[in-house]
Amino acid sequence: MELFVLWDIDHTLIENAGVSKEIYAAAFRALSGREPPEPARTEGRTDRLIMRDMFAREGLPVPDWPFVETALARAGEARLEELRRRGTALPGVHDALKAASAQTGWVSSVLTGNISANARVKLAAFGLDSLLDLPVGAYGADAELRPHLVAVARERAQRLHGVAADIPTVLVGDTPRDVEAALTTDSGILAVASGIHTQEELTAAGAVEVLPDLSDTKRVLGILESFSGH
C-alpha cells in the first residue's frame, strides 16, 4: 500500500503566532533598508510570491532570489526561540505525523510555501522535524505557484526512494490554495479548518474530506488511507 502524504506547515501542523509575518518583515527590512508599511500577505502562497508582492507594493525592484532566500533564512533562524515561546504544534499533530511515518509503504513529507530552511526551523521548534521525510518535500524556493510544488515533491520521492511515478498523493492543508494544488495535480486533499478558513469555505473550494483539526488520529489515518486506492 503506497501513499505519498504532503503536509502543509503553518496553521496545519503549527500555529506560528505571528512569527512568520515578523520573518517576512525582517527580511524585507534587511533587503530594502526600510520598514514594510503593512504585513506580508500569506494565505498559502509561496515565499517567492510573498516577498515579490512586498517589494511590488512599495514600487521597489525585487532583489535577485538568492539574496531574498538568504535574508529569509537569517530572519527565520534568529526567531527559533521566539517561535518556540509563542507558537505551538496544533492538536493531534505529533500523533498524526508519528502514525503516518510508521505506515509501511507511505512517504510522509511537507509541501509548504516556506523556504526549506524556515520549514525546518518551524518544525524543529516543536520536535516535528524527525517525524517527516524532509528531503523529499517541496518548498517555497522550488516554484512560485503551489500546484507546481507537487511535481517537485513527486520527482524527489522517485529519485530518493524509487517510488512509482504515479504513486497516490494526498495533500493536507488549511487553505483553498492547498485544495487547488491537490485538485489540479490529481492528488487527494484532506483539508483542516485550523487556520483562518472555515470548513464551509474549504468544502466550497472543492475539498470532500474536511476536519476541524488533526486531533482524531484514527480518523486522520483512515482518510489518508482511503486515498491509497486500497
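Key figures for this structure:
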{"read-out": "Matching helices (runs of 4 or more DSSP H) fully within the stretch 1-110 where at least 3 residues are out of contact with any Leu (no Cβ under 9 Å at 6 or more places or on another chain) and of a type outside the set (Val, Ile, Thr)", "value": "19-32, 47-57, 65-78, 80-86"}
{"read-out": "Every pair of residues 6+ apart whose Cβ atoms lie under 7 Å, when the first sits in the stretch 208-223 and is on the phi < 0 side of the Ramachandran plot and open to solvent by less than 40 Å² (accessible area, probe 1.4 Å) while the second is assigned to a loop (DSSP other than H, G, I, E, B) and modelled with pLDDT of 95 or more", "value": "Val210/Ala193; Leu214/Leu90; Leu214/Pro91; Leu214/Gly92; Thr217/Gly92; Val220/Leu214"}
{"read-out": "Selection status of Glu144, surrounded by fewer than 21 Cβ atoms within 10 Å (Cβ to Cβ) and at pLDDT below 95", "value": "yes"}
{"read-out": "Long-range neighbours under 6 Å by Cβ, at least six apart or interchain, first residue closer than 12 Å to Gly44 by Cα within the stretch 143-155, second open to solvent by 10 Å² or more (accessible area, probe 1.4 Å) and in a helix (DSSP H, G or I)", "value": "Glu144/Arg48; Glu144/Leu49; Arg146/Arg177"}
{"read-out": "Residue that is farthest from Ala119 (Cα to Cα), among those in the stretch 28-53 that are modelled with pLDDT of 95 or more, hydrophobic (A, V, I, L, M, F, W, C) and open to solvent by less than 20 Å² (accessible area, probe 1.4 Å)", "value": "Phe28"}
{"read-out": "Within the stretch 1-15, tally of residues that are farther than 15 Å from Ala191 by Cα and either crowded, with 23+ Cβ neighbours inside 10 Å or touching a strand residue (DSSP E or B) at 6+ places or on another chain (Cβ under 7 Å) (or both)", "value": "3"}
{"read-out": "From the options Leu83, Leu60, residue that is touching a Lys or Arg at 6+ places or on another chain (Cβ under 7 Å) and in contact (Cβ under 8 Å) with a residue 24 or more places away in the chain", "value": "Leu83"}
{"read-out": "Selection status of Asp216, farther than 13 Å from Phe4 by Cα, of a type in the set (D, E, K, R) and touching a His at 6+ places or on another chain (Cβ under 9 Å)", "value": "no"}
{"read-out": "Selection within the stretch 189-205 - within 14 Å of Val170 (Cβ to Cβ) and either free of Cβ contacts under 8 Å to residues at least 24 places away in the same chain or open to solvent by 30 Å² or more (accessible area, probe 1.4 Å) (or both)", "value": "Ile189, Ala191"}
{"read-out": "Helices (runs of 4 or more DSSP H) contained entirely in the stretch 138-230, each with at least 2 residues that are among the aliphatic types (A, V, I, L, M) and closer than 22 Å to Ala119 by Cα", "value": "146-161, 176-183"}
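The values are calculated or read from the model by the stated rules, or taken from the named source; none is laboratory data. Note that the structure is predicted; figures quoted are calculated from it, not measured. With ideal geometry, Cβ positions are generated from the backbone for all residues, glycine too; neighbour counts draw on all protein chains shown. These accessible areas exclude ligands, DNA and RNA; they are computed on the full protein's heavy atoms, side chains included. Shrake-Rupley method; radii C 1.70, N 1.55, O 1.52, S 1.80 Å.
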